[in-house]
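Below is one structure, written out as structure tokens, with a few remarks after it.
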Amino acid sequence: MRLLRLLLSVCVLTCAASTPVTAQVPDLKTGGSIPTLAPLVRQVTPAVVNISVHGRVREDNPLYRDPIFREFFDAPRQIEKEVNATGSGVIVDALRGYVLTNNHVVEGTATVQVTTKDGRQFSAKVVGRDPPTDVAVLQIQNPVGLKALTFGDSDALEVGDFVLAIGNPFGLGQTVTSGLVSALGRTGLGKQGYEDFIQTDAAINPGNSGGALVSLRGELIGINSAIISPAGGNVGIGFAIPANMAQKVMAQIIATGRVERGRIGVSLRDLSQSENQDRRPGAVIAEVAADSPAQRAGLQKGDVVTNVDDRPIRTAAQLRNEIGLARIGQNVKLTVRRDNAPLSVVVQVARPPEQSNASVATGRRLH
């Protein structure tokens, strides 16, 4: 019995003296011993706004699918539907009044109203939308006394980083939730054409769309966009558009009102397990189009692209996004592995040609 007590005492002392292995939320409250994120929340929430939209959209008429209705009742192919919805947005330029949100929040809208945390209401116009990335840019009319969030580097995120999700779920008003970065580079969700989502377990619900995903530095690192939800509510699997991607889209929209995607003339695929036994990330060039910028730069089938302008590449989808969001005429530096040797190649991004019937038939996409 004495031996058992001695062993228990040693265990308690050892456990108390050991360094904890689990991540701890930092104490952000000065002068106290209770961990709290309240100072950070006070700092960032004034930059997150509620968005109310009103307009009309055209959608497929369900009756048109019935051949009897089509023949005897002259059912129209599409019908107009009135839209009244709410969402979220993030002020990223206080002086000029620019707000980032999701395309699906403002698509088909005629009027947009923005409400700040302190209850002030502003009219806003849609500067431009980019459905493939689900990003839209608004501009508040007569912006006064606004506060903006600064962009963080979403490429520097790691799984396990703490994050806050801020938005307007179910139209309730501004709400803050917390969680972790659960995964990076999520693709294949079938939501949009250009995917490189940050996955988080911070609670995201309908109405959070267009809201902010914020780091503990108080920086914007994502725009909340989608959830996986069998029942329509949060189950701990939410997705945000990386801030770096949203920032590139925003820059083009502000400059020209739209996003013009470039290409270098390659088709891409991920590394297979047999090709990646040393666990070095990258994307494989599966095909090089004739007389393309890639061919003229010397890229070859089988090259593994590991970096774009010194930014690491994990997947083919990420490389596709990098090329697609580069400006037409821009030179990009690709670092590739060829026969296990590094090689640096500079390629000029070109305007995509008209898609041919052959490319549609084969299903291949050149980037």
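Take the conditions at pLDDT 90 or above and under 23 Å from I198 (Cα atoms) and apply them to A251. Does it pass?
Judged against the criteria, A251 is a match.
Tally time: how many residues in segment 155-186 are among the polar types (S, T, N, Q) and within 14 Å of G210 (Cα to Cα)?
3
For the subset of segment 311-331 comprising residues that are more than 19 Å from D270 (Cα to Cα) and surrounded by fewer than 20 Cβ atoms within 10 Å (Cβ to Cβ), which member is modelled with the highest pLDDT?
This residue is N331.
What's the number of the condition T116 fails, among (1) of a type in the set (S, T, N, Q); (2) at pLDDT 90 or above; (3) in contact with a Ser or Thr (Cβ under 9 Å, 6 or more places away or on another chain)?
The failed condition is (3).
Taking T115 as meeting all but one of (1) within 19 Å of I221 (Cβ to Cβ); (2) surrounded by fewer than 20 Cβ atoms within 10 Å (Cβ to Cβ); (3) touching a strand residue (DSSP E or B) at 6+ places or on another chain (Cβ under 7 Å); (4) not aliphatic (A, V, I, L, M), write down the number of the exception.
Exception for T115: condition (1).
The values are calculated or read from the model by the stated rules, or taken from the named source; none is laboratory data. Bear in mind that the values here come from a model prediction, so they are computed numbers and not experimental data. Every residue, glycine among them, receives a Cβ derived from its backbone with ideal geometry; neighbour counts consider all protein chains shown.
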